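Comments concern the structure below.
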Amino acid sequence: MMNFFRPISISLSPNTEKDDVFLALKLLFQPWRWQKEQPSESRPPTVELEEEFKRYLGVKYAISFNSGRSALMAILDALEIKNGDEVLLQAFTCNSAVNPILERGAKPVYVDIDDTLNLDPVDLKRKITHSINSGRAPKAIMIQHNFGWPAKIEEILKIARENNLYLIEDCAHSLGAKYEGRPCGTFGDVAFFSFGRDKIISSVFGGLAVTNNEKIGEGLKRFQAGLFFPSSFWICQQLWHPILMNYLILPAYGVNSTLGRVIIGVFHKLLILSKAVYKKEKKGKIPQHFPKFLPNALAILGLNQFKKLERFNEHRREIAKFYERELINFYLPLATRALAKGEDERSSSPKPWGARQPIFMRYPVLTNLNTSDVLKAARKRKIYLDDGWRKSPVVPPDTDIEKMQYLLGSCPRAEKVAKSILNLPTHINISQDDAKRVVNFLKTYGD
Ligand SMILES: Cc1ncc(COP(=O)(O)O)c(C=O)c1O
């Protein structure tokens, strides 16, 4: 939509289409629908969204919240993770996946990543053994299916069972991804999804936890029942997001990056728009907006996006295939690299990615170039590739990693990847021509 002045951007409200913007606009003028459903609505949209997820994933419980991080807070509560317990998770993660652990007084233990940017089972075993030998109490493993590429689920599940640890699936990036035909989010004991502004589907903020385990499911329900709705002010901020992004901010970035940055900065300052990550979260604190109920208005936005999930993901795969074909001799595309090592050889599936059906929330490539310089040069061509997943083992890059309890040097591969990654956009508003522009830029960079 809005091709005139539209730049290529990885993360400025990437999923929104015309109908999403109009829906947000309509809701903006119906404040009575923001928090709770109306009696005239036969089924509350939050319940409908939960039912859609149950059907889609084939799970018994699906409980909605106002973000993925709220869903993770509910999960940790339902698993009775307490002060001093350890949760093992991959480095090269987002601070919003770590803060709920810190908030309970539990300890995040970072595990290094493999070639697909997912948790490495070998380092996982090492870290568990180290914890046990040190007399500490590992309680759960959290895997991330990073950027929509399914992790080494079978191996990790085996390690979890052998060590009597819960397995949590962080599916913030992987709604619709499958392994051996089975959806991510149905392998572990419990999983959560995010409908954040640049996730697979988006209601600006929103999330959901799923499980087949009755005890955990009832715990999640109890946690949800104890929550309040977010304020009308907060909901209003989220409704403005797709509207302003599409009709003002993206076109401003289309003029130049300074204008875009200034305009978005003003909207943040005036609190008309929310930020994806609040300032205090970079220092290990949870803002008052979490955890909360998923408000009615955001559930309506989420449902509208959910209807488009398969089309969105098919598009992402097509764009990813194009990048993979075009960039193989220039950059290191991660999917290909995993296959080249025979990781998926045992699968008889004719699919290009073997046993995995990834959904490529982003298409990551690695490079020896200075990525800050590459991003700067891209910005000059109105190609905005900086999604914040860079520089640091816990992103965004200005996160205080000491507060995240991350010990520098503890996950060398994650630290190296953070310095050499470039994420390419795959979302529904990236056309084949856009993808060609990205590829041409990368192929000719430095010429
Ligand atoms: C890997 C990962 N986990 C969890 C989250 C938290 O999701 P949300 O933004 O919906 O709270 C995010 C997104 O910010 C994420 O990238």
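The values are calculated or read from the model by the stated rules, or taken from the named source; none is laboratory data. Quick caveat: nothing in here was measured; it's all calculated off a predicted structure. With ideal geometry, Cβ positions are generated from the backbone for all residues, glycine too; neighbour counts draw on all protein chains shown. Heads up: the accessible areas ignore ligands, DNA and RNA and are worked out on the full protein's heavy atoms, side chains in. Shrake-Rupley method; radii C 1.70, N 1.55, O 1.52, S 1.80 Å.
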Legend entry - ARG362, sole failed condition from (1) more than 18 Å from SER202 (Cβ to Cβ); (2) modelled with pLDDT of 90 or more; (3) in contact with a helix residue (DSSP H, G or I) (Cβ under 7 Å, 6 or more places away or on another chain): (1)
Inset, instruction - Return a yes/no flag: does segment 28-51 have any residue that is buried (at least 22 other Cβ atoms within 10 Å of the Cβ), away from the ligand (no atom under 16 Å from the Cβ) and farther than 30 Å from ALA418 by Cα. - result: yes
Inset, instruction - For segment 118-142, name all the residues that are in contact (Cβ under 8 Å) with a residue 40 or more places away in the chain, farther than 17 Å from GLY185 by Cα and within 26 Å of the chain's Cα centre (by Cα). - result: ASP120, ASP123, ILE128, PRO138, LYS139
Legend entry - Enumeration of residues in segment 74-87 that are within 28 Å of LYS419 (Cα to Cα) and more than 14 Å from the ligand (Cβ to nearest atom): GLU86
Inset, instruction - Output the number of residues of segment 400-434 satisfying the condition of being open to solvent by 10 Å² or more (accessible area, probe 1.4 Å) and either assigned to a helix (DSSP H, G or I) or under 28 Å from ASN15 (Cβ atoms) (or both). - result: 14
Inset, instruction - Could you tell me whether segment 4-15 includes any residue that is in contact (Cβ under 8 Å) with a residue 12 or more places away in the chain, buried (at least 21 other Cβ atoms within 10 Å of the Cβ), in a helix (DSSP H, G or I) and under 22 Å from the mean Cα position of the chain (by Cα)? - result: no
Inset, instruction - Check segment 120-135 and report whether any residue there is within 15 Å of the ligand (Cβ to nearest atom), crowded, with 24+ Cβ neighbours inside 10 Å and not basic (Lys, Arg). - result: no
Inset, instruction - Tell me which residues, restricted to segment 88-114, are among the hydrophobic types (A, V, I, L, M, F, W, C) and away from the ligand (no atom under 13 Å from the Cβ). - result: LEU88, LEU102, ALA106, VAL109, VAL111
Inset, instruction - List every residue pair whose Cβ atoms sit under 7 Å apart, with the two residues 6 or more apart in sequence or on different chains, where the first one lies in segment 143-162 and is of a type in the set (Val, Ile, Thr) and open to solvent by 40 Å² or more (accessible area, probe 1.4 Å) and the second, anywhere, is within 11 Å of the ligand (Cβ to nearest atom) and assigned to a helix (DSSP H, G or I). - result: none
Legend entry - Filter pass, LYS107 being in contact with a strand residue (DSSP E or B) (Cβ under 7 Å, 6 or more places away or on another chain), charged (D, E, K, R) and at negative phi: yes
Legend entry - Of residues in segment 302-333 being open to solvent by less than 10 Å² (accessible area, probe 1.4 Å) and modelled with pLDDT of 95 or more, the one farthest from ALA97 (Cα to Cα): ILE319
Legend entry - Among (1) surrounded by fewer than 20 Cβ atoms within 10 Å (Cβ to Cβ); (2) among the hydrophobic types (A, V, I, L, M, F, W, C); (3) touching a residue at least 12 places away in the same chain (Cβ under 8 Å), the one test that LEU259 misses: (3)
Inset, instruction - Write out, first by first residue and then by second, each pair whose Cβ atoms fall under 7 Å of each other, whose residues are 6+ apart or on separate chains, and whose first residue, in segment 182-207, is within 18 Å of PRO425 (Cα to Cα) and open to solvent by less than 10 Å² (accessible area, probe 1.4 Å) while the second is in a loop (DSSP other than H, G, I, E, B) and more than 10 Å from the ligand (Cβ to nearest atom). - result: PHE195/ILE201; ILE200/LEU175; ILE200/GLY176; ILE200/ILE359; ILE201/ASN15; ILE201/LEU175
Inset, instruction - Look at LEU294 and say whether it is part of a helix (DSSP H, G or I), open to solvent by less than 40 Å² (accessible area, probe 1.4 Å), closer than 19 Å to PRO44 by Cβ and modelled with pLDDT of 95 or more. - result: no
Legend entry - Selection from segment 144-166 of residues that are closer than 16 Å to LEU79 by Cα, in contact with a Leu (Cβ under 6 Å, 6 or more places away or on another chain) and hydrophobic (A, V, I, L, M, F, W, C): ALA160
Inset, instruction - Among the residues of segment 231-253, write down those that are aliphatic (A, V, I, L, M) and either surrounded by fewer than 23 Cβ atoms within 10 Å (Cβ to Cβ) or touching a helix residue (DSSP H, G or I) at 6+ places or on another chain (Cβ under 6 Å) (or both). - result: ILE235, LEU239, ILE243, LEU244, LEU248, ILE249, ALA252
Inset, instruction - Search segment 262-282 for residues being assigned to a helix (DSSP H, G or I) and within 16 Å of the ligand (Cβ to nearest atom), and hand back the single one that is least open to solvent (accessible area, probe 1.4 Å). - result: GLU281
Inset, instruction - Name the single residue, out of those in segment 52-68 being open to solvent by less than 40 Å² (accessible area, probe 1.4 Å) and assigned to a loop (DSSP other than H, G, I, E, B), that is nearest to the ligand (Cβ to nearest atom). - result: SER67
